[in-house]
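Here is the structure we will look at, set down as structure tokens.
The values are calculated or read from the model by the stated rules, or taken from the named source; none is laboratory data. It should be emphasised that the depicted structure is a prediction, and the values quoted were computed from it without experimental measurement. Positions of Cβ are generated from backbone atoms using ideal geometry, with glycine treated the same way; all protein chains shown enter the neighbour counts.
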Amino acid sequence: MTVIELGLVTGDDNPSPEPDRRPLPRRDLKRMLVAAVAALCVLTVTGSAPPVSHAPRQLWSVPFREGNGIFIVSGGAVYVLLSVSGASTLSAYSLRTGQELWTSSELADAAWVSSVQAGVMLLPAADTTVEFQDGQGGQVSRQFTRETAAVDAATGRQLWRRPGEFSALTGGHVLMVEWNDDGSAARNLTVVNLHDGVPVWSRPAGALETWTSRVATTGDTDRLVTVAPGGKVAVYDLADGRPVTTGRVPWQGQNPQEDSYANISVEGHAFYLENVERGRGTVTAYDTETLHEKWRIGARSYGGFYSCGAVLCVNGDQGATGYDRETGQVRWRTPGYTNAIPLRDGRIVISDDEDDARHSLIDGNTGRRIADLGRATLVWDASSPQETPYLVTSSTRLAEPTTVAVLDQRTGEVWMRGGIDPVLDYSCQSSDDMLVCVTPEGRLTVTDVG
């Protein structure tokens with residue numbers, strides 16, 4: 001075991017494309033950073049322009065109400081979930097032509113929609129908000145979903161619907177969490193088949209403190225980790241429920257009044273335990289197969305840790321630090337910058353500590369600064385991250401167009417593509433040469449920027 005004393009670190013927690021849920025409250029740092037990853041803030045647009053086939057041109061648009069709508073882009077289609085007066089409608093449009101492929105009001109109580117996996121979308125439904133007292137006597141409010149439905153992305157047909165909240169999706173299996181009546185504790189953990197909803201295995205949740213199995217489009221984990229009171233850990237094979245190992249770890253528990261909490265995450269066969277007591281935190285790495293402790297880092301001023309591709313990042317009051325996943329040794333530090341976001345090929349975008357307004361591109365293995373990227377928003381293709389993602393930069397004047405450019409992640413070079421009508425910050429997604437954004441006027445627009 002290696003213990004490393006830091007003396008820096010505070011900020012937002014890990015991006016997990018996967019919302020891990022638990023019966024007891026925890027800090028919202030992870031969710032904030034998850035939102036940042038979904039938005040993927042970045043860059044400025046300057047540089048010379050290589051030859052392109054044409055300037056950006058808008059192809060079609062549909063009404064879209066920010067705050068009442070969700071959209072995803074996948075497989076040549078745009079899926080739009082709109083909620084009006086508490087009732088949701090899910091529609092699919094051809095990405096290039098705007099032709100409506102199908103629309104369904106069957107899932108009127110759907111809360112949001114997942115990405116498309118193997119032709120299936122998952123929609124958490126029967127959204128519920130409850131209040132209860134935590135272990136320290138404090139009043140806690142939490143929101144969760146009672147049911148989950150699966151929809152055929154090609155036809156809009158509902159494939160199945162069953163009790164439980166969608167918690168993870170990997171390898172064609174869906175981890176579902178069924179809550180008790182008041183939502184204060186989990187009742188059962190069940191894994192079902194993605195396409196038919198048939199249960200593969202189920203296990204009573206008992207008095208679990210928390211659990212995790214990272215939600216990942218790449219299916220980069222096959223383990224479920226649970227923690228019972230007193231730090232009793234159990235690791236299961238996610239596919240068949242087979243117990244892998246058990247053990248006990250130090251467990252801080254939850255005490256929001258004293259800024260103390262515990263948290264876990266898992267990637268592949270690495271299990272990370274986060275213990276924070278009155279602002280002072282430690283992160284410990286374990287092997288999921290044996291629960292052998294690999295390393296531990298400590299911080300006097302702690303904010304959170306999160307995945308940074310090749311390294312594990314910890315934010316601090318002086319900046320972000322990247323740690324070697326295998327040894328826990330420091331790979332790099334970035335004074336004045338936090339909220340590191342992994343891209344492809346080991347590249348990372350880091351944002352300044354003031355208001356996330358300025359960004360830099362760095363090498364995730366060494367921390368070497370590749371380019372000062374300034375201001376803008378990186379448009380992410382979640383289904384297939386491209387080598388040269390699009391960047392949009394909104395003008396400080398609302399009437400002026402938004403600039404579209406392309407980033408070369410390898411070199412940090414930025415090439416101008418042209419201008420489009422103003423769009424809302426962090427509202428764009430892309431697929432190949434198509435850009436899908438939300439406008440201030442309440443439209444979802446699709447633009448060819450090839």
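Summed over the range 72-105, residues that are closer than 19 Å to M434 by Cβ and either basic (K, R) or in a loop (DSSP other than H, G, I, E, B) (or both) total 7.
The strands (runs of 3 or more DSSP E) falling completely within the range 220-311 that include 3 or more residues that are touching a residue at least 24 places away in the same chain (Cβ under 8 Å) and of a type in the set (V, I, T) map to 223-228, 243-248.
Across the range 249-264, the number of residues qualifying as farther than 16 Å from P229 by Cα and at pLDDT 90 or above comes to 0.
If you filter the range 154-198 down to residues that are buried (at least 22 other Cβ atoms within 10 Å of the Cβ) and among the small types (G, A, S), you find that the one that is farthest from V266 (Cα to Cα) is G164.
Condition check ((1) closer than 20 Å to V436 by Cβ; (2) at pLDDT below 85) across all residues:
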| residue | (1), (2) |
| --- | --- |
| T327 | no, no |
| T338 | no, yes |
| E354 | no, yes |
| R358 | no, yes |
| D363 | no, no |
| G367 | no, no |
| Q386 | yes, yes |
| P401 | yes, no |
| V406 | yes, no |
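Scan the range 106-121 and tell me whether some residue there is under 30 Å from R57 (Cα atoms) and surrounded by fewer than 16 Cβ atoms within 10 Å (Cβ to Cβ). Checked the range 106-121: at least one residue is under 30 Å from R57 (Cα atoms) and surrounded by fewer than 16 Cβ atoms within 10 Å (Cβ to Cβ). Collect the residues in the range 178-211 that are in a loop (DSSP other than H, G, I, E, B), out of contact with any Ser or Thr (no Cβ under 6 Å at 6 or more places or on another chain) and not small (G, A, S), keeping them in residue-number order. Hits for the range 178-211 are N180, D181, D182, L194, H195, D196, V198, E209. Has the range 296-303 got at least one residue that is modelled with pLDDT of 80 or more, surrounded by 23 or more Cβ atoms within 10 Å (Cβ to Cβ) and touching a strand residue (DSSP E or B) at 6+ places or on another chain (Cβ under 9 Å)? Looking for residues that are modelled with pLDDT of 80 or more, surrounded by 23 or more Cβ atoms within 10 Å (Cβ to Cβ) and touching a strand residue (DSSP E or B) at 6+ places or on another chain (Cβ under 9 Å), one finds at least one in the range 296-303, hence yes.
Step by step: first the residues of the range 312-337, then only those that are without any contact (Cβ under 8 Å) to a residue 24 or more places away in the chain and part of a strand (DSSP E or B), then the one that is surrounded by the most Cβ atoms within 10 Å (Cβ to Cβ). Which residue is that? The selected residue is Y337.
Residue-by-condition table, conditions (1) touching a strand residue (DSSP E or B) at 6+ places or on another chain (Cβ under 9 Å); (2) closer than 24 Å to W380 by Cβ; (3) in a loop (DSSP other than H, G, I, E, B):
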{"position": "Q58", "(1), (2), (3)": "yes, yes, no"}
{"position": "V62", "(1), (2), (3)": "yes, yes, no"}
{"position": "R65", "(1), (2), (3)": "yes, yes, yes"}
{"position": "I70", "(1), (2), (3)": "yes, yes, no"}
{"position": "L107", "(1), (2), (3)": "yes, no, yes"}
{"position": "S114", "(1), (2), (3)": "yes, yes, yes"}
{"position": "T128", "(1), (2), (3)": "yes, no, no"}
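Just to be sure, is T103 under 23 Å from the mean Cα position of the chain (by Cα) and of a type in the set (S, T, Y)? Considered against the rule, which asks whether it is under 23 Å from the mean Cα position of the chain (by Cα) and of a type in the set (S, T, Y), T103 comes out as no. Which one of the conditions (1) in contact with a Lys or Arg (Cβ under 7 Å, 6 or more places away or on another chain); (2) buried (at least 22 other Cβ atoms within 10 Å of the Cβ); (3) hydrophobic (A, V, I, L, M, F, W, C) does A340 fail to meet, given that it meets all the rest? That leaves (1) as the condition not met. Per the listing S202, S184, S213, the residue uniquely modelled with pLDDT of 90 or more and of a type in the set (S, T, N, Q) is S202.
Among all positions in the range 95-105, there is no residue which is buried (at least 19 other Cβ atoms within 10 Å of the Cβ), out of contact with any Pro (no Cβ under 7 Å at 6 or more places or on another chain) and under 30 Å from R242 (Cα atoms).
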